[in-house]
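The values are calculated or read from the model by the stated rules, or taken from the named source; none is laboratory data. Everything numeric here is computed off the predicted structure, so don't read it as measured data. Cβ coordinates were reconstructed from backbone atoms using ideal geometry, including for glycine residues, and neighbour counts include every protein chain displayed. With ligands, DNA and RNA removed, areas are computed over all heavy atoms of the protein, side chains included. Shrake-Rupley method; radii C 1.70, N 1.55, O 1.52, S 1.80 Å.
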Amino acid sequence: MNIRMQNKLNLLRKAGKATILAIETSCDETAAAIVRDGRVVLSNVLYSQIEIHKQYGGVVPEIASRNHVEKLPYIVQDALNKAGMTFADIDAFAVTSGPGLVGALLTGVSYAKALAYAQDKPLIAVNHMEGHISANYITHPSLEPPFMCLVVSGGHTNIIHVSDYCTYEVLGSTRDDAAGEAFDKVARVLGLTYPGGPNVQRLAEQGDPGKYTFTKPFKGEDHLDFSFSGIKTAVINLVRGFEVRKQEYEKADVAASFQKAAVDLLVGNVFEAARRTGIRDVVLGGGVSANAVLREQALKHQGEYRVYLPDLKYCTDNAAMIASAAFYSMMKGCTAADLDLNATPGMELL
Ligand code: KG4
Ligand code: ZN
């Protein structure tokens, strides 16, 4: 442990105040943001590489890493400019150190370490999933734990009981594909481009969600886990069947029916978790929480529960949520990251 950096971090914690510049490069978004005291976004800059990866049908890790390296200095400078600040105004740096693509994570981790060293300021390592949860602290200034959180992204699908800041218990997870991954795979089968989620949603708007029904996994079982590979395979078989028989079908109906099946599972389990634990506050986070039908279905429980959805720009990957998570990590007495901080691609939440 670097005692001097830890002391600096401890002083910030005692003051209960910090302006944090965060960097996020876990996948294909190069992002930097400056957030005051975990809640007030002073700037939030994002360079999306979607156009580059689209032609390959998904994220190519090596290309993502190279683009992060190229864009990071400009994105960080832009974050400072937009906040009207210089490095002198920053109290601490933060960076996503996992989970994610190892090469992509490493670019952010290396850059943040260099910044912290050059500016002689503490660095806070952040778990990307904590970031997705914290996106709600930005959107809802009065939201505080305890709450039940559904985190649905391209790599994760978890029901998390957030009993306090930075205190988590995972009550349910996917046993196979993540929700976002299922959206992306179904999109591919329907001939839609990457990232699949928003495109499936757009196509589904013209379709009939009641046209096809897919068997619910784990019928009669008592746990809160998810499975999406069964629904995904059913969709693939359905489409292939139409193609083999040269039968006309409406892709929009398939998209809408798949979306309904996925959303029913997600919403069903998170509110069941809330019901079982007696928790009234239900929070969504992660890229898939941008889905309009998921948001609409979750909001149907407003009243019986208090439902919190992140602002659309904080659903998918961004650095503001990382800065917010870093602030609460600091307030909970986290250790300042050393210069030997490494990327942890398979990082768990606990
Ligand atoms: O959180 P995120 O930006 O990155 C990860 O941490 O994985 O989530 C990306 C995922 C992708 O799978 C994408 O297809 C999905 O979120 N997604 C959506 C929507 N917008 C993004 N899925 C369904 N509907 C959407 N509107
Ligand atoms: Zn994410």
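A probe of 1.4 angstrom, applied to the heavy atoms of all protein chains, finds Arg295 with accessible area near 40 square angstrom.
Estimated at the nearest 10 Å², the accessible area of Arg280 is 110 Å² with a 1.4 Å probe.
Computed from the alpha carbon positions, the gyration tensor of segment 145-310 leads to an equivalent ellipsoid with semi-axes of 29, 15, 14 Å, biggest first. Solvent exposure of the chain, expressed per residue, is 43 Å² of accessible area, with all protein chains present and a 1.4 angstrom probe. Given a 1.4 Å probe and the protein chains as shown, Glu304 ends up with an accessible area of around 130 Å². At q = 0.11 Å⁻¹, what log₁₀ I(q)/I(0) does a Debye calculation on the Cα points of the chain give, no solvent, two decimals? Reported log10 I(q)/I(0), two decimals: -0.72. DSSP beta bridges confined to segment 145-310 are antiparallel in about 55 percent of cases. Of all the accessible heavy-atom surface of the chain, with the other protein chains kept in place and a 1.4 Å probe, what percent is carbon and sulfur? Result for the chain: 52 percent of the exposed heavy-atom area is carbon or sulfur.
Contact order normalised by length for segment 145-310, with contacts defined as Cα pairs under 8 Å and 6 or more residues apart; what percent is it?
This gives 28 percent for segment 145-310.
Of the beta bridges DSSP finds with both residues in the chain, what % are antiparallel, to the nearest 5? Taking every DSSP beta bridge within the chain, about 60 percent pair in antiparallel fashion. Measuring max minus min along each principal axis, the C-alpha atoms of segment 119-177 give extents of 43, 26, 19 Å (largest first).
In this structure, the amide hydrogen of Leu171, modeled 1.01 Å from its nitrogen in the peptide plane, lies closer than 5 angstrom to those of Ile159, Ile160, His161, counting only residues at least 5 positions away or on a different chain. Database remark: amide H of Ala337 closer than 5 angstrom to the amide H of Leu123, Ile124, Ala125 (H placed geometrically; neighbours at sequence offset of 5 or more, or on other chains; Pro and chain starts carry no H). Using only Cα coordinates, the Kirkwood hydrodynamic radius of segment 1-112 works out to 14.8 Å. If a spin label sat at a point 7 angstrom from the Cα of Ser229 along the line to its beta carbon, the backbone N atoms of segment 152-191 nearer than 12 Å would be those of 175-178.
Find the relative contact order for the chain and round it to a whole percent, using C-alpha pairs within less than 8 Å whose residues are 6+ positions apart.
Relative contact order of the chain: 26 percent.
Dividing the summed helix terms, -39500 (n - 2.57) for each DSSP H run of n ≥ 4, by the number of residues in the chain produces a 222 nm estimate of -14000 deg cm²/dmol to the nearest 500.
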